[in-house]
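Enquirer: What follows is a structure written as structure tokens; I'll ask about it next.
The values are calculated or read from the model by the stated rules, or taken from the named source; none is laboratory data. This one's a predicted model, so the numbers in the text were calculated from it and none came from an experiment. All Cβ positions, glycine included, derive from the backbone under ideal geometry; neighbour counts span all protein chains shown.
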Ligand code: CAA
């Protein structure tokens, strides 16, 4: 080990993947960002451009730095473009089948020392890692939404992750300006295991017309000092993503706390996915 991570890959450029690509490029790394087709890659590029534009507007990033950051990201549609990278962060949709396929391919394409990290929120890193010939070099690297703003990275180690890889990835997280915490491979890791029971409970309270959405959210913002209320936060996370996370945690824990509130499913079926769809618990421009 001891090699320096300079070239990194990101697979999947949705909300999380594009935010992660931005964070990596901001730290001076050269990033190869992969999506399934040109259209999705262009959408990912759009996310990075608007997020960095916002950072410039807010005085968090100089225009010159923004331009250099954007130049450090190369977009592509083939995993073969990742042959030379030192680390890959995968951020594709939360399907074990899809992730297993991507990891099996990355295992063949990348060098044997390349660390393969997943940004999964709730799937098992162990189950992803067994689809490679190097489960010792597979870890979780879980960012929080919005990735450019929130400072935590959960580094998830399995029973076979090499200790040097955990050390390397935690040091890398610090280099990105983030604070790493290390956790074993358990559904929800630390933050989601604590957060999602609360979010689900808020949906149930809303469903039972216990209080209006505005009052539910105001109570937690103004009474508990949370930056956002639970329903607004669900809109930010995406109701489909939240539902997937709850299902996975419920499947593992059988704790009723994590049994998804029926309203969540109904809203997803109706296309009310949250901010990304323009409407969830609230409506967005
Ligand atoms: N780069 C750097 N800084 C940026 C930025 C970027 N691309 N975009 C925004 N910022 C900065 C802004 O300049 C601002 O900084 P100041 O506070 O110093 O002015 C700060 O980030 C906040 O941005 P905004 O002013 O635009 O927005 P806000 O003050 O309304 O905060 C929020 C928005 C950051 C989303 C805040 O409400 C928040 O933290 N909410 C809670 C989010 C949360 O809990 N996320 C976790 C979800 S769970 C998860 O992600 C895990 C999972 O697996 C699903």
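Enquirer: Checking the structure you have, find out if any residue of segment 43-61 is in contact with a strand residue (DSSP E or B) (Cβ under 7 Å, 6 or more places away or on another chain), within 14 Å of the ligand (Cβ to nearest atom) and over 20 Å from residue 139 (Cα atoms).
Expert: Scanning segment 43-61 turns up at least one residue that is in contact with a strand residue (DSSP E or B) (Cβ under 7 Å, 6 or more places away or on another chain), within 14 Å of the ligand (Cβ to nearest atom) and over 20 Å from residue 139 (Cα atoms).
Enquirer: Oh, and also: Sort out which residues of segment 150-170 are within 16 Å of the ligand (Cβ to nearest atom) and either modelled with pLDDT under 95 or in contact with a strand residue (DSSP E or B) (Cβ under 8 Å, 6 or more places away or on another chain) (or both), and write them in order of number.
Expert: The answer is 151, 152, 153, 154, 155, 156.
Enquirer: Taking into account only those residues within segment 120-133 that are within 16 Å of the ligand (Cβ to nearest atom) and assigned to a helix (DSSP H, G or I), which is farthest from residue 252 (Cα to Cα)?
Expert: 128
Enquirer: Counting only residues that are in the same structural domain as residue 160 (by TED's automatic domain parsing), modelled with pLDDT of 95 or more and within 20 Å of the chain's Cα centre (by Cα), give me the helices (runs of 4 or more DSSP H) lying completely in segment 1-119 with at least 3 of them.
Expert: 15-26, 38-57, 96-109
Enquirer: Going by what's in this entry, would residue 69 be described as out of contact with any helix residue (DSSP H, G or I) (no Cβ under 7 Å at 6 or more places or on another chain), within 16 Å of the ligand (Cβ to nearest atom), within 21 Å of residue 174 (Cα to Cα) and touching a residue at least 24 places away in the same chain (Cβ under 8 Å)?
Expert: For residue 69, the condition - out of contact with any helix residue (DSSP H, G or I) (no Cβ under 7 Å at 6 or more places or on another chain), within 16 Å of the ligand (Cβ to nearest atom), within 21 Å of residue 174 (Cα to Cα) and touching a residue at least 24 places away in the same chain (Cβ under 8 Å) - is not met.
Enquirer: Let me ask something additional. Quick one: residue 174 ticks every box in (1) under 30 Å from residue 58 (Cα atoms); (2) within 16 Å of the ligand (Cβ to nearest atom) bar one, so which box is it?
Expert: (2)
Enquirer: Can you tell me which residues in segment 175-188 are crowded, with 16+ Cβ neighbours inside 10 Å and at pLDDT below 95?
Expert: 187, 188
Enquirer: Read through the list (1) in a helix (DSSP H, G or I); (2) closer than 30 Å to residue 166 by Cα; (3) in contact (Cβ under 8 Å) with a residue 60 or more places away in the chain, then give the number of the only condition that residue 250 fails.
Expert: Here residue 250 meets the rest and fails (3).
Enquirer: Sticking with this structure for a sec: Which residue, of 36, 88, is surrounded by 15 or more Cβ atoms within 10 Å (Cβ to Cβ) and more than 14 Å from the ligand (Cβ to nearest atom)?
Expert: The unique qualifying residue is 88.
Enquirer: Suppose the filter is within 15 Å of the ligand (Cβ to nearest atom), farther than 27 Å from residue 4 by Cα and surrounded by fewer than 19 Cβ atoms within 10 Å (Cβ to Cβ); does residue 93 pass it?
Expert: When the stated conditions are applied, residue 93 passes them.
Enquirer: Looking for whichever is within 13 Å of the ligand (Cβ to nearest atom) and surrounded by fewer than 19 Cβ atoms within 10 Å (Cβ to Cβ) here; the options are 222, 231, 194. Which one fits?
Expert: 194
Enquirer: Run residue 214 past the list (1) under 24 Å from the mean Cα position of the chain (by Cα); (2) without any contact (Cβ under 8 Å) to a residue 40 or more places away in the chain; (3) away from the ligand (no atom under 15 Å from the Cβ); (4) assigned to a helix (DSSP H, G or I) and report the number of the one that doesn't hold.
Expert: (1)
Enquirer: Tell me the residue from 242, 232, 187 that is in contact (Cβ under 8 Å) with a residue 12 or more places away in the chain, within 24 Å of residue 153 (Cβ to Cβ), out of contact with any strand residue (DSSP E or B) (no Cβ under 7 Å at 6 or more places or on another chain) and in a loop (DSSP other than H, G, I, E, B), please.
Expert: Going through 242, 232, 187 in turn, just one is in contact (Cβ under 8 Å) with a residue 12 or more places away in the chain, within 24 Å of residue 153 (Cβ to Cβ), out of contact with any strand residue (DSSP E or B) (no Cβ under 7 Å at 6 or more places or on another chain) and in a loop (DSSP other than H, G, I, E, B): 187.
Enquirer: Another one. Can you tell me which residue among 251, 258, 201 is more than 13 Å from the ligand (Cβ to nearest atom), outside the structural domain of residue 150 (by TED's automatic domain parsing), surrounded by fewer than 16 Cβ atoms within 10 Å (Cβ to Cβ) and within 21 Å of the chain's Cα centre (by Cα)?
Expert: Of the residues listed, the single one that is more than 13 Å from the ligand (Cβ to nearest atom), outside the structural domain of residue 150 (by TED's automatic domain parsing), surrounded by fewer than 16 Cβ atoms within 10 Å (Cβ to Cβ) and within 21 Å of the chain's Cα centre (by Cα) is 251.
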